[in-house]
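In what follows, a single structure is set out as structure tokens and then discussed.
The values are calculated or read from the model by the stated rules, or taken from the named source; none is laboratory data. If you're wondering where the values come from, they're calculated on a predicted model, not measured in any experiment. Note that we place each Cβ from the backbone using ideal geometry, even for glycine, and neighbour counts take in every protein chain shown. Ligands, DNA and RNA are stripped out before the accessible areas are found, and what is left, the full protein with its side chains, is counted by its heavy atoms. Shrake-Rupley method; radii C 1.70, N 1.55, O 1.52, S 1.80 Å.
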Amino acid sequence: MKANKLPLIASLCLGLTAGALTLDMDITVSGNMNPDESHVYLCPIGQTSPQSTIELNRSAGSTFSGQVSTDPNGLYYIYSTTPNAQMSIPVYVAPQTTKQSITISDGPNYTTNTSLTDPANKALSAFASCVVDKAIAVGKNLPELSDAQIKGLLVSYMTDADSIISANEIPAQVKDFIKLWAYTSASDAYSLAGHLTHRAGRKLGFTTSEILPPAQTVLDTKMAAAFPSSYLAITNSLPKGTVEERLAALHDLYKTDEIRQQGTRMLVNSFMDSFDYTADFADGENRLIAICEKYSLPESTVETFRARRATVAGAEFPDVVLVDKEGNKVDFSKFRGKYVYVDLWASWCGPCCREVPSLQELEKEFKDSNVVFVSISIDSKEEPWLKKMTQLNMHGNQLWNKDGELPKKLNVKGIPHFLIYNPEGKLYTYKATRPSDPETKEILQSLK
């Protein structure tokens, strides 16, 4: 199935665990897939670590070959990437198989075909086509559909899966996989439907509980890890309440260790991301310490929380690595003595770049004042930062956060983000207005 929105595991490892059973795989690309532009990866579905995914080497012509650890359930994802598209294709290979050859090709309407014609793979291919068809229907037609029509479309994920399963003599693990696929696809489609109807000025008149069985009856299995969105469906289905109450519900409803562990991490991360660090910091810290002790979370969790204290008014600027365009380290303390208006930005951020002209105007206007302007790039690499600075004719205090720690320590989730520090180097305003906002000029003029 071709889907540009499907996540592709980016970290790859060519090594295999010593003594592990392996599968030799030859995958031939055909159709409109250009082997010169293609990269092909293989991942056992039951192994979710980045190291379990291997990139196949191009062995001859349009064939890619490699060896992967055998999946006990016989289920694998084939990932194929080109400059224009990504494809994610689930296939079944009987667990006892040691060598398999497959041809894959792209089809109409973002579908993908394989040369495997056994009942299990016919069922996987049939449901893949169903998912694509429904995704197109949701994306194109949803604003014009009534609630009843949308509800029927979402319910059909599960009913179509049941029909495909009953029509084919397939292994139990393939049935389970298709049911999980149907559930997570329907849950994702519900979220998309809610977004699209909201944009159209209306609200969906039904909840997921009206179209799907309780999440724990389907997703409480290790195989659910093959669908990253399953964890979002799990956490979204938990009762509302404090993080402690939601964690208790998670561990009461789910018995699979992998589900509990990942769900716990998600809930704790959500707690830290949404916590008001300007409020009762000590209370939040104590709550998190108790959670970490109860659920055996690493000490680094609390350390991350403590590091975000930098978002509280009066906090020092975080200890991070800043460099200028010549590569010299710059200590933020050099700006003490004046108010510092900080612009966190990146070369790839359109809204950030659009603020540059307004920022430059402010710099000119406040040139001889007690306000200094500092732009800090959070680009992952130095070259794009330097290139964009030249393109935008950016001058003055231009710095790059070389170690990439600043967004995390300041708990910044989106850019551009503006802050103001006082002459003593303490945080004055965590979320300052943008340069293009007329109020910004008034705020800066008021600083004495």
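For the reader, a short list of remarks on this structure follows.
- Looking at the chain, the accessible area is 49 square angstrom per residue; that uses a 1.4 Å probe and ignores ligands, DNA and RNA.
- Inter-probe distance in nm under a simple model that places probes 7 Å from Cα toward Cβ, at GLU361 and SER163: 5.9 nm
- Packing rank of 64-74, 180-190, 252-262, where each peptide gets the mean count of other beta carbons within 10 Å, highest leading: 180-190, 64-74, 252-262
- Those aspartates and glutamates that a straight Cα-Cα span of less than 20 Å connects to LYS134, excepting residues fewer than 8 apart in one chain: ASP106, GLU144, ASP147, ASP160, ASP162, ASP188, GLU210
- With respect to the chain, whose longest principal axis is taken over its alpha-carbon atoms, helix 350-365 is tilted by about 0°.
- Overall, the anisotropy analysis places the stretch 307-448 in the rounded class: the square-rooted eigenvalues a ≥ b ≥ c of its C-alpha gyration tensor yield a/c less than 1.5.
- Among the protein heavy atoms of the chain, carbon and sulfur supply 49% of the accessible surface, probe 1.4 Å, non-protein parts ignored.
- Gap separating the Cα centres of the stretch 120-184 and the stretch 24-48, nearest whole Å: 24 Å
- Entries in LYS338/LYS426; LYS409/LYS441; LYS334/LYS426 that, when Cα-Cα distance is taken, lie over 18 Å: LYS409/LYS441
- Value at 222 nm in deg cm²/dmol, rounded to 500, when DSSP H runs of n ≥ 4 in the chain each add -39,500 (n - 2.57): -12500 deg cm²/dmol
- Shape category assigned to the stretch 54-182 from the gyration tensor of Cα positions, a/c cut at 1.5: oblate
- Nearest-10 value in Å² for the accessible area of SER274, using the 1.4 Å probe: 90 Å²
- Listed options for semi-axes √(5λ) of the Cα gyration tensor in Å are (i) 46, 27, 23; (ii) 31, 26, 23; (iii) 38, 23, 21. The value calculated from this structure is the one marked (i).
- Considering only alpha-carbon pairs that sit under 8 angstrom and 6 or more positions apart, the relative contact order computed for the chain is 10 percent.
- In this simple spin-label approximation, GLU405 and THR22 carry label points 7 Å from Cα along the Cα→Cβ vector, and these lie 4.0 nm apart.
- Projected label distance in nm at ASN57 and GLU144, using a 7 Å step from Cα toward the beta-carbon: 5.3 nm
- Bridgeable lysines around LYS255 (alpha carbons under 27 Å apart, same-chain partners fewer than 8 residues away excluded): LYS175, LYS179, LYS222, LYS240, LYS294.
- Cβ-derived FRET efficiency at R0 56 Å, ASP319 paired with LYS222, nearest 0.05: 0.90
- Relative to the current alpha-carbon distance between THR390 and LYS334, full extension at 0.36 nm per residue lengthens the span by 17.7 nm.
- Cα-centred dipole magnitude for the chain, charges only on beta-carbon of K, R (+1) and D, E (-1), debye, nearest 20: 580 debye
- Spatial separation of Cα centroids for the stretch 366-401 and the stretch 325-346, in angstrom: 9 Å
- Candidate aspartates and glutamates - alpha carbon under 14 Å from LYS408, same-chain residues fewer than 8 apart omitted: ASP273, GLU303, ASP319, ASP379
- ASP283/ALA248 FRET efficiency (R0 22 Å; Cβ-Cβ; nearest 0.05): 0.70
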